[in-house]
Amino acid sequence: QVQLVQSGAEVKKPGASVKVSCKASGYTFSHYGITWVRQAPGQGLEWMGWISANNGNTNYGQKVQDRVTMTTDTSTSTAYMELRSLRSDDTAVYYCARGGVTTSLDSWGQGTLVTVSS
Amino acid sequence: QTVVTQEPSLTVSPGGTVTLTCASSAGAVTSGHYPNWFQQKPGQPPRSLIFGTTNKYSWTPARFSASLLGGKAALTLSRVQPEDEADYYCLIYYGGAGIFGTGTKVTVL
């Protein structure tokens, strides 16, 4: 069965970077994109961006586009989301999901809590 | 910047029907925006319910249906059950980028 397993919780200081991983199994990794979504405490969902695991093409959300980089490693079926210059309002649970723009998002990772605090 | 708006909260009786809508500040929502709907319960990741305006997943309850209604995307929950109490989010796409709706908290009372 399709499974996305994310890396563990992180605590970072303002200005630092964080890199969250999302390891996929149960399907051919390069056949699907990976979408990243985050959710601040008590808030709604925010679409961060998408990466094609086939060719590495990306599309980022406006709010994070200057600070985020999404990559994939097809040899390990793992997607990564790196966010730089962290601020307190980046504190959120970060989710990966299988699928991309105008395709279904049918499987989700368990989420990774990133806390930004001095 | 485009804002996608949903009803903040809706209350429905068990066995009743409720319709959630998803409106865009950029104009009418169409099938070209590829509306998706998600359900989220506290402490859990979102669960996908609908993709491509009306398409269901194998796990989507048959009593859930989606459509376009008056320039908005809509999700109708019929024969509502207590386990349907959750937050619901729509997601639409503009120029290759997604925008989530503000979310609707559905209370079954």
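Please quote Rg/Rh for chain A to two decimal places, taking the Kirkwood radius as Rh and restricting both calculations to Cα atoms. Result: Rg/Rh = 0.95. Relative to its residue count, chain B spans a Cα convex hull of 98 Å³ per residue. Compute log10 of I(q)/I(0) for the protein assembly as shown with the Debye formula, placing one identical point scatterer on every Cα and leaving out solvent, at q = 0.10, 0.14, 0.15 Å⁻¹, to two decimals. Debye output, listed in q order: -0.44, -0.86, -0.99. Loop-resident trypsin sites (Lys or Arg not before Pro) (DSSP state other than H, G, I, E or B) in the stretch A:1-74 with no more than 12 further Cβ atoms inside 10 Å of their Cβ are absent. Pick from B:Tyr34, B:Tyr57, B:Tyr93: which is most flexible by mean-square fluctuation in a GNM of chain B where alpha carbon atoms under 10 Å apart are linked? It is B:Tyr57.
Once R0 is set to 30 Å, what does the formula 1/(1 + (r/R0)^6) return for the Cβ-Cβ distance between B:Trp59 and A:Thr76, expressed as a FRET efficiency to the nearest 0.05?
Numbers: r = 28 Å, r/R0 = 0.94.
Rounded to the nearest 0.05, the efficiency is 0.60.
A convex hull fitted to the Cα coordinates of the stretch A:29-87 yields 90 cubic angstrom per residue.
Accessible area, 1.4 Å probe, largest first: how do B:His33, A:His31 sort? Don't jump to the answer; show the numbers that get you there.
On the way: B:His33 30, A:His31 135 Å².
In descending accessible area the options line up as A:His31, B:His33.
Take every DSSP beta bridge whose two residues both sit in the protein assembly as shown; close to 90 percent of them are antiparallel. Working note: Karplus 6.51/-1.76/1.60 with θ = phi - 60° gives the stretch A:99-107 the couplings x, x, 4, 6, 10, 5, 10, 9, 9 Hz, where Gly and Pro are set to x. For the stretch B:19-24, putting each phi into the Karplus relation 6.51 cos²θ - 1.76 cosθ + 1.60 with θ = phi - 60° gives couplings of 10, 9, 10, 9, 10, 10 Hz, in residue order, rounded to whole numbers and with x for Gly and Pro.
Please give the contour-minus-distance gain from B:Gln44 to B:Tyr94: 0.36 nm per residue of separation, less the Cα-Cα distance, rounded to one decimal in nm.
Working: separation 50, 0.36 × 50 = 18.00 nm, distance 2.71 nm.
Contour length minus Cα-Cα distance gives 15.3 nm.
The mean number of partner chain beta-carbon atoms within 10 angstrom of a residue's beta-carbon across peptide A:100-109 is 5.
Separation of the stretch B:2-66 and the stretch A:45-118, taken as the distance between their Cα centroids, equals 22 angstrom.
Given the pairs A:Lys13/A:Lys63; B:Lys56/B:Lys105; A:Lys13/B:Lys105; A:Lys63/B:Lys56, which are separated by over 25 angstrom at their Cα positions? Display every interim value, and only then the final one.
On the way: A:Lys13/A:Lys63 20 Å; B:Lys56/B:Lys105 21 Å; A:Lys13/B:Lys105 33 Å; A:Lys63/B:Lys56 30 Å.
Table pairs above 25 Å Cα-Cα are A:Lys13/B:Lys105; A:Lys63/B:Lys56.
The values are calculated or read from the model by the stated rules, or taken from the named source; none is laboratory data. Treat the numbers as computed from the prediction; the structure is a model and nothing was measured. A quick note on method: Cβ atoms are made from the backbone with ideal geometry, for glycine too, and the neighbour counts reach across all protein chains shown. With ligands, DNA and RNA removed, areas are computed over all heavy atoms of the protein, side chains included. Shrake-Rupley method; radii C 1.70, N 1.55, O 1.52, S 1.80 Å.
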